[in-house]
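Values in this text are rule-based calculations from the coordinates and carry no lab data. These numbers were taken from a predicted model, which means no experiment stands behind them. Glycine also receives a Cβ, built like all others from the backbone with ideal geometry; neighbour counts cover every protein chain displayed.
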Number of protein chains: 2
Amino acid sequence: MGNADELFYSEPLHIVRGEDVWLYDAEGKKYLDVYNNVAHVGHSNPHVVEAITRQAKALNTSTRYLHENIVDLAEKITELMPGELEVCYFVCSGSEANDLALQIARAYTKKQGCLVSENAYHGNTTAVFQMSPDDCVPEKRQDWVQTLPSPKKYQQTEQIELNCLKDLSLAMDKFDEIGIGTAAVIFDSIFSSDGIFLPPPDYLKTIYGAVRQSGGLAIADEVQSGLGRIGSHMWGFSHDGVVPDIVTLGKPMGNGYPIAAVVTTRKIAQVFDQEYGYFNTFGGNPVACAAALAVLETMKTDHLMQNAETPGLYFHQELIELAEKYDLISEVRGKGLFLGVELIDPIGKEPATKKTAEIVNLLSKNGILVGITGPDSNVIKMRPPMTFNKRHVDRAVENLDEILSSLF
Amino acid sequence: MGNADELFYSEPLHIVRGEDVWLYDAEGKKYLDVYNNVAHVGHSNPHVVEAITRQAKALNTSTRYLHENIVDLAEKITELMPGELEVCYFVCSGSEANDLALQIARAYTKKQGCLVSENAYHGNTTAVFQMSPDDCVPEKRQDWVQTLPSPKKYQQTEQIELNCLKDLSLAMDKFDEIGIGTAAVIFDSIFSSDGIFLPPPDYLKTIYGAVRQSGGLAIADEVQSGLGRIGSHMWGFSHDGVVPDIVTLGKPMGNGYPIAAVVTTRKIAQVFDQEYGYFNTFGGNPVACAAALAVLETMKTDHLMQNAETPGLYFHQELIELAEKYDLISEVRGKGLFLGVELIDPIGKEPATKKTAEIVNLLSKNGILVGITGPDSNVIKMRPPMTFNKRHVDRAVENLDEILSSLF
């Protein structure tokens, strides 16, 4: 197999079974999953499995034929969207969604440039790789992509507007210099690969406003921050009270069944639809839609957005207590069930990259699965299934506490 | 929903159930499916549904953890490949596969240009749209794509080599003029959107050879022609006795479950893996692999490749008989269970585009589902599930005969 990307953990895990927030390896060892957002409503959720099975038994074909599932799903998703975001395109992956969002933005604006945050990750197609500085190093970057500083820069600033507008205009000027203009700005609303940041107040509002004034569109990548993950809101962008022109959804939509979506306004969709064609063989197929409908239903009946808020807040507070106990933890960031624990060496004030890897590997040995993110790989990424509860929080935090106390 | 692409048939169908080669609409009307290759081993194949259900109940997570399904599948696929094609990357769709194939070819060759046939379709990402003149009109085409004539041009030629090498070198010269060189040539091995052509003898051999001499790679898009579809061979390219550098698989792999793959050599994969990273959240997940394994198993136990050959040949012969009866049919092309019936107005010698649409819509009303392809939309596309048999052929041909005789 292609070995371009790595397995997790220094001792890779052979996972054979999943149930709710638990994963089991081939030896029967049990792991608390504090990482995999794809299993949004819990691993092997029986309601989702049943929906997939029932529909796969009946029919799985393309959207060249009418089917109620895709209509139901489009209605349910657009009902959850603010403003005029009422047209859906269904695709297979977040990469396909972000790639299509770029195509739509370019078709609508007749411009080419795309602004991204400095360590963004939006996927892996030829175009979206360019929009992902987390993977695409500057030497490989094409001139239709410019980066904006991570929100970290503005965290401590009084004059956010002034500062970020200056950075923005520098970036947009570069597009104008080469005559391509700004088609769009795209942000993951929780800036996951930048190190997990809720944008500072009015940050999105300010950027969206200025980009629109230059004729560009605002794209919100909700692949990670969406579907209730942050607890207080269904979508990450809502936290800053903005309404994007295009929203992309992915990973958790089908609880692992490959489905993703692009949502936009009628006005924008009409321009794209007139000038281009878009058909996706698997996108919006009846089984994919059945899975996504079951996820939305489960979220509603089990109050999972509210659940992300309460145990999420408790998780946050418990981690802040750990931060007070250990100098190594410089900051706890994020919201709901999407939290980041940044580790900075208290003496040298350098990112504690090695220690982060060490801790994450020890946690895995203790049966607690978390990830690593941020440009310096020094942020522990915690983003469990939405069914995570207070007892799970305790187990994760106690383990982290134990490891930190044994190490330092 | 985005209305960029159309529903099939002037009276769109509301299909609610599928079984083997049959589709049923909401009123219970039964249709013989002579079109959907995605349902490779038959609609709602119980063996595939069972494999999906069993694995979805147990576990569906990403390839960051070890899992036997992806290893099994990679082994089974590479066993079916000739030469040194022994490394697999798993993705979600044919578009993602062809996009990744382009990325791999560019990383390996350090060149950028891509040659495609003049009415090719390879998918819908930003990059692959460019490689799809069937959708991407010349005014929208970027200079890293050049087209080669469809094999039609060389069908009647004695000196294929001489002619196609001339066309090829003209196209490659354009890449050299702008200093980007030729990274790859990519062909759908049955030239479906060009109108369904088996390449004339030695055509692929000649093109592959010359492209390689210029430092480029040969990519075979087997999304449509692969997995035994042409009956005599597992892969379309094998019909011309060539071995590509990169092969892409898609649509039929998971019988509708979104899975696709890129297969290449160790030497090429190593260069890509060292210089780039590639991770695909849903690609190669245990459920997708279970579906694909069940498809390969069913093909073997039910001898479906052989089945494509025998009823395919019978289908071909029956269609040729119709061609002798009706002047409107200018040619019957293709192989196995991938056949094209070209309609040319016998008087004006113009492509019978309107009549093709009329016939296809009448067939649909009669309960026979076929498609349309070719640059002039005058080729009836027949590409049924691989379980299609002689009785199904009779039913399709009798209906077509009836419609042709009533019309003309």
Unpaired by the 4.7 Å Cβ criterion, cysteines found in chain A: A:CYS88, A:CYS114, A:CYS136, A:CYS164, A:CYS289
Cβ-based exposure ranking for A:THR125, A:THR78, in which fewest neighbours within 10 Å come first: A:THR78, A:THR125
Restraint check, B:LYS29/B:LYS365; A:LYS152/A:LYS349; A:LYS111/A:LYS205; B:LYS30/B:LYS335; A:LYS152/A:LYS354, Cα-Cα greater than 18 Å: A:LYS111/A:LYS205; B:LYS30/B:LYS335; A:LYS152/A:LYS354
DSSP beta bridge pairing in the range A:46-301, given as percent antiparallel to the nearest 5: 35 percent
Built amide H within the under 5 Å cut-off of B:GLY334, gap 5+: B:LEU198, B:GLY340
Cα-based shape type of the range B:14-65, given that a ≥ b ≥ c are square roots of the gyration tensor eigenvalues and the cut on a/c is 1.5: prolate
Per DSSP, loop GluC sites (Glu not before Pro) in the range A:127-202 with at most 14 further Cβ within 10 Å: A:GLU158
Derived scalar couplings ³J(HN,Hα) [the range B:353-363; Karplus, 6.51 cos²θ - 1.76 cosθ + 1.60; whole Hz; x for Gly, Pro]: 4, 5, 5, 4, 4, 4, 5, 5, 5, 5, 4
Neighbour-count ranking [beta-carbon atoms within 10 angstrom, fewest first] of B:VAL243, B:VAL48: B:VAL243, B:VAL48
Placed amide H near A:VAL91: partners under 5 Å, 5+ positions off or other chain: A:ALA260, A:ALA261, A:VAL262, A:GLY284
Beta bridges per DSSP with both ends in the range B:1-149, % antiparallel, nearest 5: 65 percent
Extension gain (nm, one decimal) between B:VAL137 and B:GLU6, 0.36 nm per residue minus Cα-Cα: 45.4 nm
Antiparallel content of DSSP bridges confined to the protein assembly as shown, in %, to 5: 60 percent
Between the range A:1-41 and the range B:163-216, the Cα center-to-center distance that results, in Å: 44 Å
Gyration tensor verdict on chain A (Cα atoms; rounded if a/c is under 1.5, prolate if a/b is larger than b/c, oblate otherwise): oblate
Assigned charges on the beta-carbon of Lys, Arg, Asp, Glu; the range A:282-408 dipole about Cα centre (debye): 360 debye
Difference of contour (0.36 nm per residue) and Cα-Cα distance, B:THR310 to B:SER406: 31.6 nm
Computed [θ] at 222 nm, deg cm²/dmol, the protein assembly as shown (DSSP H ≥ 4; -39,500 (n - 2.57); rounded to nearest 500): -12500 deg cm²/dmol
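Work out the FRET efficiency for B:SER232 and A:GLN213 from their Cβ-Cβ distance, taking R0 = 56 Å, and round it to the nearest 0.05.
0.35
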Alpha carbon centroid spacing (whole Å) that separates the range A:221-246 from the range A:124-141: 24 Å
q = 0.07 Å⁻¹, the protein assembly as shown: log10 I(q)/I(0) [Debye, one scatterer per Cα]: -0.51
For the range A:269-339 versus the range B:288-303, the gap between their alpha-carbon centres in whole angstrom: 34 Å
Selection from A:ILE347, A:LEU322, A:ALA357 lying farthest towards where the dipole of the range A:296-408 points positive, charges on Cβ: A:ALA357
Karplus (6.51, -1.76, 1.60) ³J(HN,Hα), θ = phi - 60°, over the range A:116-123, in Hz, Gly and Pro reported as x: 9, 6, 5, 10, 5, 10, 10, x
Residue-by-residue Karplus 3J(HN,Hα) for the range B:277-292, coefficients 6.51, -1.76, 1.60, Hz, glycine and proline x: x, 9, 10, 10, 3, 8, x, x, 5, x, 6, 4, 5, 4, 4, 5
Cross-link partners of A:LYS390 among aspartates and glutamates (Cα-Cα below 20 Å; sequence separation of 8 or more within a chain): A:GLU19, A:ASP20, A:ASP33, A:ASP302, A:GLU309, A:GLU318, A:GLU321, A:GLU398, A:ASP401, A:GLU402
Positive-end extreme of charge dipole, chain B - chosen from B:ILE186, B:PRO311, B:GLN103 (charges on Cβ): B:GLN103
Cβ-based net charge around B:LEU162, under 13 Å, with every Lys or Arg adding one and every Asp or Glu removing one: -2
